[in-house]
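The values are calculated or read from the model by the stated rules, or taken from the named source; none is laboratory data. Quick caveat: nothing in here was measured; it's all calculated off a predicted structure. Quick reminder, even Gly has a Cβ in these numbers, built from the backbone with ideal geometry, and neighbours come from all protein chains shown.
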Amino acid sequence: MKVFINKRIPEIGIKMLEEAGLEIVIPENENISHEEWLKYCQNADVILNVGQNKYEKEFFEQCPNVKAIALYSVGFDHVDIPEANKRSIPVGNTPDVLSRATSDIAFLLMQSVARRASYNFQKVKENNWGDFDPLHALGQELYGKTLGIFGLGRIGYEMAEKCRKAFDMKIIYHNRNHNREAEIKLDAKYVSFDELISQSDVLSIHANFKDEQADLFNQSVFEKMKTDAVFINTARGGFHNQKDLYHALAEKKIWGAGLDVTNPEPILQDDPILDLSNVCILPHIGSATVEARNGMAKLAAKNIIAFSNGEKMPYCANPEVYE
């Protein structure tokens, strides 16, 4: 069985696949064109995908030999699951192993924005310390504030737990379903979406993205938030309208924003949001730790090995394909 990997993953995953007797194909030059990527896919039985390549109806029609897809990510919004189901193609992902690392980034962004870390670091780099000014660029403390979580799943729970323990923050959340564990252990309170945006001192997104949620956090939402609120997005850039977010920040309708994802991504270099002093933006590094990336490689390899043995993928984004 031939496995195409479009970019090299940690060696632990490669070794697992090799020991399972699978044929692995990795381009020597990983910066291949879309046409080259498509040719590799057409000659593969299984794809281990790294990045946000789209797997939609057109792809499946052009690559009829593909029998399974293993994603090197927990998110699977770039895969048309109904189309995969029609063709009985299981799609694996990598849940849990990156929850702590990604929540760490959300926690880092929250503090960086609250204390204007990016702005002050830039001053240091410019040798622009200036004289002591008791009123200049003051930050805010987070103790006892209210953290609002949009999407209280594994990553959201980790973020809420950190904020609860570190700053004794109150936890409110909006989900499709109640998270009983969070309600019991973190005293989290389920609220409506409108209550979430109006009551949160820090609003952090941790939901799985769906197309109908595009630009959910837009001008009307930002106008309903507290003027000293911090907006955090480490999920998907599509959740927020970036132009609306820029205006909300520039016009001081909200305090600041911390982003590990942007809209579009990568962010355009002339995006005016980059010039704001109340923003901290990172290049989508939520899972960028040795531990998380090794864990993702293991799960992706386990999914492929199970499939090659005629077994159900242990971490499957569309388990209904086996029904």
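Given the structure, is residue 42 of a type in the set (S, T, N, Q), modelled with pLDDT of 95 or more and under 24 Å from residue 320 (Cα atoms)?
No, not satisfied.
What single numbered condition from (1) in a helix (DSSP H, G or I); (2) touching a strand residue (DSSP E or B) at 6+ places or on another chain (Cβ under 8 Å) fails to hold for residue 107?
Residue 107 satisfies all of (1) in a helix (DSSP H, G or I); (2) touching a strand residue (DSSP E or B) at 6+ places or on another chain (Cβ under 8 Å) except (2).
If you take the residues in the range 115-149 that are within 30 Å of residue 179 (Cα to Cα) and among the small types (Gly, Ala, Ser), which one is surrounded by the most Cβ atoms within 10 Å (Cβ to Cβ)?
Residue satisfying both the conditions and the ranking: 148.
Name the residues in the range 164-198 that are of a type in the set (Val, Ile, Thr) and more than 22 Å from residue 104 (Cβ to Cβ), would you?
184, 191, 197
Considering only the range 72-93, state which residues are crowded, with 17+ Cβ neighbours inside 10 Å and either touching a Pro at 6+ places or on another chain (Cβ under 9 Å) or assigned to a helix (DSSP H, G or I) (or both).
The answer is 74, 84, 90, 92.
Whether any residue in the range 185-208 is part of a helix (DSSP H, G or I), in contact with a Gly (Cβ under 6 Å, 6 or more places away or on another chain) and either surrounded by 15 or more Cβ atoms within 10 Å (Cβ to Cβ) or in contact (Cβ under 8 Å) with a residue 24 or more places away in the chain (or both) is what I want to check.
yes
Just give me the residues in the range 211-252 being acidic (Asp, Glu), part of a helix (DSSP H, G or I) and under 21 Å from residue 156 (Cα atoms), in sequence order.
211, 212
Taking residue 131 as the residue in question, decide whether it is in the same structural domain as residue 254 (by TED's automatic domain parsing), charged (D, E, K, R) and at pLDDT 95 or above.
no
Just checking, which of 317, 257, 229 is buried (at least 20 other Cβ atoms within 10 Å of the Cβ), in contact with a Gly (Cβ under 8 Å, 6 or more places away or on another chain) and either of a type outside the set (S, T, N, Q) or more than 20 Å from residue 111 (Cβ to Cβ) (or both)?
Checking each option against the conditions leaves just 317.
All but one of (1) among the charged types (D, E, K, R); (2) surrounded by fewer than 16 Cβ atoms within 10 Å (Cβ to Cβ); (3) in contact (Cβ under 8 Å) with a residue 12 or more places away in the chain hold for residue 165; state the number of the condition that does not hold.
(3)
Just checking, does the range 14-25 include any residue being assigned to a loop (DSSP other than H, G, I, E, B), within 30 Å of residue 261 (Cβ to Cβ) and at pLDDT 95 or above?
No - not one qualifying residue is present in the range 14-25.
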